[in-house]
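The structure appears right after this line, and notes come after that.
The values are calculated or read from the model by the stated rules, or taken from the named source; none is laboratory data. What you see is a predicted model; the values in this text were computed from it and never measured. Because the Cβ atoms are built from the backbone with ideal geometry, glycine has one as well, and the counts that use them run over all protein chains shown. Areas reflect the complete protein model, heavy atoms only, side chains present, ligands, DNA and RNA absent. Shrake-Rupley method; radii C 1.70, N 1.55, O 1.52, S 1.80 Å.
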Amino acid sequence: TDLVYDKNISICSFKTEVSYLQAQMNLIWGGVQMISLFILLFAVINLINMLLSNFNSRRWELSVMRSIGLTQKQLNFMFLMESGIYVVISVGITMIAGIPISVFVCKYFGAFIGMEEMAYKFPSIQVLVYGLLLFILQCIFSKLFVKNMNRHTISEQLRSVE
């Protein structure tokens, strides 16, 4: 008993060990979620910047198209189609790059924390929400662009760009 005396040795139950590991996993999961939210925020800000610069650079082109007979309905449809293409490409790139990275992280991160391999589960709800968020933002900005164009006459728009 002298070997055990004055030592910090304790017997841990299975329940204690599981709760400790679960707390660690919750902390890691929270960190991963925060990184994902940061990436999402960065993507949304980048999308808004791209839309604004795209609209500003195409202002003269759109004014010329309106002057030769582009209707309001056609302009709305054109912006809606562009929005759909941007969303499909964005979600496609996210999936093409994200799935291999996620599988890699699950495989090697599991080994890093002592598990054999963490199972990868495709985040279908998150991807769907991401796509819907992008599409809604695209639609909002498209409506704002069209509303901004309709506020001025075609001749005013052509003069302001020159």
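Exactly one residue among Ser53, Ser19 is out of contact with any Phe, Trp or Tyr (no Cβ under 9 Å at 6 or more places or on another chain) and over 30 Å from Pro123 (Cα atoms), and that residue is Ser53. I'd like to know if segment 92-104 contains one or more residues that are open to solvent by 70 Å² or more (accessible area, probe 1.4 Å) and touching a residue at least 40 places away in the same chain (Cβ under 8 Å). Within segment 92-104, not a single residue is open to solvent by 70 Å² or more (accessible area, probe 1.4 Å) and touching a residue at least 40 places away in the same chain (Cβ under 8 Å).
Picking from residues in segment 67-91 that are open to solvent by less than 30 Å² (accessible area, probe 1.4 Å) and closer than 18 Å to Lys147 by Cβ, the one that is nearest to the chain's Cα centre (by Cα) is Ser83.
Taking the conditions (1) modelled with pLDDT of 80 or more; (2) exposed (fewer than 11 other Cβ atoms within 10 Å of the Cβ) in turn, Phe112 satisfies each one other than (1). Consider Phe38 carefully, then state whether it is part of a helix (DSSP H, G or I) and open to solvent by less than 50 Å² (accessible area, probe 1.4 Å). No: the conditions fail for Phe38. Looking at Ile11, Ile45, which is the one that is open to solvent by 80 Å² or more (accessible area, probe 1.4 Å) and modelled with pLDDT under 80? Just one listed residue meets the conditions, Ile11.
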